[in-house]
Every structure is written in C-alpha cells, then in structure tokens.
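Structure, as structure tokens:
The values are calculated or read from the model by the stated rules, or taken from the named source; none is laboratory data. Computed from a prediction, not measured in an experiment: that's the story for all the values here. Heads up, the Cβs are rebuilt from the backbone with ideal geometry, glycines too, and the neighbour counts pull from every protein chain shown.
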Amino acid sequence: MRPAFIVPSLDAAATVAVVVRDLRRAAGDLIPIFVIDDGSRDATAREAAEAGAIVVGHPRNCGKGAAIRTGLRAACDAGCDVAVTVDADEQHPAEEAMRLLEPADPAALVLGVRDLVA
C-alpha cells in the first residue's frame, strides 16, 4: 500500500501550512502530501510548498470535487494507490487522518461521518 494525503484548498493561506506540517509530523516523510490550490487568490500555494507539500494548481476555482479529482490523479501518477482527503482549514486532526489508513484495504471507500445526534 502506498498512501497519499490530498488537501483541496481555496484561499487557505492562513491554515494550510499548519495542516501540512501536522500531517508530516504524524505520517513522516514517506507519505506524499498533495495540496490542490483551487484557484486561490492568496498565498495558499506558497505556504503549502514552504511547509513541504507537493502543490498542484488550478488556474481558476473549479470546486472541491474537481480539486479532489486532480489530487487523485496526481497521487496515482506518483504511484500511490490509497488516498485520504484532509480539509485545509484544520478541522481534521492529522492523527485521525492517519487512522483512516489502518484498514489498509485499497479497495475500500472509508467515509468519516460526524455523530450529529444531540
């Protein structure tokens, strides 16, 4: 199994570097982190690259689904066969993202769902 992290991002310069650094701390250097800059008007791409991510950019905003698709393509081209998406706004803890890799079944689709019962 060769996993990757995909971080779709739009105008996330204030938080994307923290997300990348936290993922790197949790995963080490063996798992690539692809930040998809979806047409940001701020320094998202620069912040992500300086934090150690592989940045792939859209020239204009194409939406989160397109950003994820671009990230999956980039991960596949890099030889990865498993991907975990992580939001760029720090809402997904890196340790929890790592837990999604535990089943280690490349054919599985694992979805995180919040318990919304009060």
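V35 satisfies every condition listed in (1) touching a residue at least 60 places away in the same chain (Cβ under 8 Å); (2) closer than 12 Å to D87 by Cα; (3) touching a Pro at 6+ places or on another chain (Cβ under 9 Å); (4) not acidic (D, E) except (1). Among residues of the stretch 64-86 that are more than 16 Å from L100 (Cα to Cα), those with a beta-carbon under 7 Å from a residue that is at pLDDT 95 or above and among the small types (G, A, S) at least six positions away or on a different chain give the pairs A75/A4; A78/A4.
The test for being part of a helix (DSSP H, G or I), at pLDDT 90 or above and not aliphatic (A, V, I, L, M) holds for G71.
Going by the structure shown, is S9 out of contact with any Leu (no Cβ under 9 Å at 6 or more places or on another chain), over 19 Å from A107 (Cα atoms) and touching a residue at least 12 places away in the same chain (Cβ under 8 Å)? Yes; evaluated as a whole, the condition is true for this residue. Taking the stretch 43-60 as the region of interest, how many residues are surrounded by 15 or more Cβ atoms within 10 Å (Cβ to Cβ) and farther than 30 Å from E102 by Cβ? Of the residues in that region, 5 qualify. Filtering E90, E102 for residues that are at pLDDT 90 or above and either crowded, with 17+ Cβ neighbours inside 10 Å or assigned to a loop (DSSP other than H, G, I, E, B) (or both) leaves a single hit, E90. Quick check, is R25 closer than 15 Å to V82 by Cα and either in contact (Cβ under 8 Å) with a residue 60 or more places away in the chain or surrounded by 24 or more Cβ atoms within 10 Å (Cβ to Cβ) (or both)? The answer is no for R25. Taking the stretch 1-66 as the region of interest, the strands (runs of 3 or more DSSP E) fully inside it that hold 2 or more residues being charged (D, E, K, R) and in contact with a strand residue (DSSP E or B) (Cβ under 6 Å, 6 or more places away or on another chain) are 33-38.
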